[in-house]
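This report concerns only the one structure given below.
A short reminder: the numbers here are calculations on the coordinates, not readings from a lab. Bear in mind that the values here come from a model prediction, so they are computed numbers and not experimental data.
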Amino acid sequence: MKKSTITNKILDLCGEIHKKDTMELLLSLCTDSQKDLFEKIYPNGPTDKQLDHAIFQCSNTLKHANDEIAQLESAKLKTETELNTAIAERDKYMSQLNNTNKEIQILEKQLEARNNLMSDVEKSSVYTQERLARLDALEAAGVDNWDGYDYAMEMLEEKCLTR
């Protein structure tokens, strides 16, 4: 019996030392105004029961703070994941936009070439229509009865055959 009583007293003493160390640590984390308030409330220091209660309250506060930190870290991770997804989508759309801009530039060059070709065709068409109108006028005036008409037709046939 005597041995267990001494052991209990040693354990109680260790607990007291631990409690006081814990309280000192907690007070070291306080601001000066919080320390002043503590000294006004407990001018002779807190009782063991008050120390136990303060340590319990601090433990609960720390537990809740840790829970909130875990939730914030989870929310941060989720936000970072969403941000990375949004950035990847933005990059994909920017790449598509760049490709579309390149395709537009190619199409604009093709359109310009087609417009130039159409301009040439229109010029050629105007020239051809003018030549046909002149030929119609000459035929209407009886060019086929003129001297040299047969010679001109032979030259035309030879030219067509050599192509």
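Straight distance only, please: which aspartates and glutamates reach the Cα of residue 63 with their own Cα at less than 20 Å, same-chain residues fewer than 8 apart left out?
Partners within reach: 21, 24, 52, 73.
Given (1) 25; (2) 44; (3) 71, which label gives percent of Cα pairs over 27 Å apart as computed from the coordinates?
Working out percent of Cα pairs over 27 Å apart from the coordinates points to (3).
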